[in-house]
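Below is one structure, written out as structure tokens; comments come after it.
Throughout, read-outs are computed from the coordinates displayed, never taken from laboratory work. All values reported here derive from a predicted model rather than from experimental measurement. Don't worry about glycine lacking a Cβ; one is built from the backbone with ideal geometry, like all the others, and counts go over all protein chains shown.
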Amino acid sequence: MRKKSYFAFLLFLMLVLAACGTSEDTTSNEAEPESPDVEETESTDEGQEEEEEAAADWEKDVYTVATDTNYVPFEFLDQDSGELIGFDIDLINALAEEAGINIEIETLEFSGIVAGMGSGRFDIGIAGMTITEERKENIDFSQPYYDAGLVVAVHVDNEDIQSVDDLAGKTVTTRVGSTSETYIIENTEAIPEAFPQITEAYQNVIAGRADATIYDVPNVQYYASTEGGGQLKIVGDTLTGEQYGIAFPKGSPLRDVIDDALTTLKENGTYADIYEKWFNERPDGM
Ligand code: GLN
């Protein structure tokens with residue numbers, strides 16, 4: 001019995017090795033004759049066919065758009081209707097219409113969107129996502145569509161913290177996977193406390209369980225004047241300049257399609273109208 005299974009195992013091992021050998025051979029065999037082929041068929045019918053095939057690879061009836069549900073006023077749930085609304089939602093719908101494509105919006109946690117764009121799980125990502133060198137390693141971005149930056153905010157009654165320089169040893173809340181989380185770790189001596197939802201970060205400061213929060217200016221401002229009920233105040237200057245971009249998997253041909261549509265919407269006033277609807281002013285120079 002034992003001997004038998006030993007031989008069976010040996011046989012199995014040989015088969016596996018043989019299979020590996022063959023597959024390696026086939027790949028190298030296939031690769032060789034292909035290159036002269038390509039040279040020969042330059043700008044012939046076959047070349048055109050190849051182009052069409054490449055287009056068919058990414059053209060879809062419906063493209064998935066990943067976004068978030070907790071980032072006022074860019075994407076959030078309307079308190080009465082429960083509908084997903086916001087600047088990014090209006091913008092991506094207008095862009096899809098301009099580009100002549102169908103989209104389907106999916107919501108998930110912000111850090112999951114960043115990861116999901118890198119892995120190609122979604123076709124498009126729009127979530128107030130800052131264009132960073134690090135993210136650019138795994139994600140392709142559109143041209144910038146919004147200028148933001150980071151700020152420190154504290155409870156309205158807090159007089160100790162006047163700026164980022166007063167944060168050493170303090171508990172500073174933020175959101176998991178955000179540029180603010182990186183900022184706190186790299187540029188302050190504060191104790192970072194990151195939550196999946198940014199509203200939790202703010203609520204902890206309002207409730208006195210944390211000293212301060214660091215997040216994107218437009219989000220802090222909007223939250224402070226709505227849900228925050230005047231309990232949060234911004235202190236000090238804007239810490240960094242950041243720009244938001246629409247995200248695509250690396251090499252996606254959709255990037256240029258949406259980018260061209262964005263240029264059109266910036267030129268024809270649609271972008272400025274959407275901007276005014278959510279920020280009550282026209283964007284600079286438009
Ligand atoms: N702009 C920030 C970032 O990209 C936060 C975005 C968000 O919370 N949706 O990290």
Self-check item: Residues of region 117-153 classified as more than 14 Å from the ligand (Cβ to nearest atom) and at positive phi, total
Solution: 1
Quiz prompt | In region 154-185, the residues that are away from the ligand (no atom under 16 Å from the Cβ), more than 15 Å from D237 (Cβ to Cβ) and not in a loop (DSSP other than H, G, I, E, B) | solution = H155, T171
Quiz prompt | Positions within region 159-178 being in contact with a Lys or Arg (Cβ under 9 Å, 6 or more places away or on another chain) and either surrounded by fewer than 18 Cβ atoms within 10 Å (Cβ to Cβ) or closer than 23 Å to L108 by Cα (or both), in sequence order | solution = D160, T171, T173
Quiz item: For E109, all conditions in the list (1) more than 19 Å from T240 (Cα to Cα); (2) away from the ligand (no atom under 11 Å from the Cβ); (3) out of contact with any helix residue (DSSP H, G or I) (no Cβ under 6 Å at 6 or more places or on another chain) hold save one; what is the number of the exception?
Solution: (2)
Quiz item: For region 263-271, does any single residue satisfy the condition of being touching a helix residue (DSSP H, G or I) at 6+ places or on another chain (Cβ under 7 Å), aliphatic (A, V, I, L, M) and more than 22 Å from V176 (Cβ to Cβ)?
Solution: yes
Self-check item: Contacts under 6 angstrom Cβ, first residue in region 206-227 being under 17 Å from D157 (Cβ atoms) and free of Cβ contacts under 8 Å to residues at least 60 places away in the same chain, partner away from the ligand (no atom under 11 Å from the Cβ) and part of a helix (DSSP H, G or I), 6 or more apart
Solution: A210/N204
Self-check item: Condition broken by N93, with the remaining ones in (1) within 11 Å of the ligand (Cβ to nearest atom); (2) surrounded by fewer than 20 Cβ atoms within 10 Å (Cβ to Cβ) satisfied
Solution: (1)
Quiz item: Counting residues that are more than 25 Å from the chain's Cα centre (by Cα), which strands (runs of 3 or more DSSP E) fully inside region 188-279 reach at least 3?
Solution: 232-244
